[in-house]
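Student: Got a structure for you, questions after.
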Amino acid sequence: MTIPEITVERLAELLAAGGVALFDVRQPYEFDEAHVPGATLIPLGEVPDRVADFPTDREVLVICKSGGRSAQAVEFLRERDITAVNVEGGTMAWVSAGHPVETGGVS
């Protein structure tokens, strides 16, 4: 299966336009250190049990640290008819491109 991807530049455009469902599949400590504003944390290991948390009425964007874990999540979600897209390069690419991040958020 070919995993559909978008760049962090495209992610920034989509976030600015609003209505984007962005999920971060890293571990809570990674999310706490830095994450894309507006991202919802669902660690990769929890994705199978939380499929119902992903919307089916719009495209789901998935990010991790560098793109590997999010690609796994995208493949899993697409097999369940959820239109998911991987963010190429992940949070590392987002930070390298100079986009803003938030810290904290994990209770």
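Every number in this text was worked out from the coordinates using simple rules, so none of it is lab data. Keep in mind it's a predicted model, so treat the numbers as computed, not measured. Note that we place each Cβ from the backbone using ideal geometry, even for glycine, and neighbour counts take in every protein chain shown.
Student: Starting from the stretch 30-54, keep only residues that are in a helix (DSSP H, G or I), then list their pairs with residues that are of a type in the set (S, T, N, Q) whose Cβ atoms are within a distance under 7 Å, requiring at least 6 positions of separation or different chains.
Tutor: Matching pairs, first to second residue: ASP32/THR103; GLU33/THR103; LEU44/GLN72.
Student: Okay, next question. So, in the stretch 80-107, exactly how many residues are of a type in the set (D, E, K, R) and either in contact (Cβ under 8 Å) with a residue 40 or more places away in the chain or buried (at least 19 other Cβ atoms within 10 Å of the Cβ) (or both)?
Tutor: So the answer is 2.
Student: Out of the stretch 1-13, which residues are touching a residue at least 24 places away in the same chain (Cβ under 8 Å) and out of contact with any strand residue (DSSP E or B) (no Cβ under 7 Å at 6 or more places or on another chain)?
Tutor: Hits for the stretch 1-13 are MET1, THR7, GLU9, ALA12.
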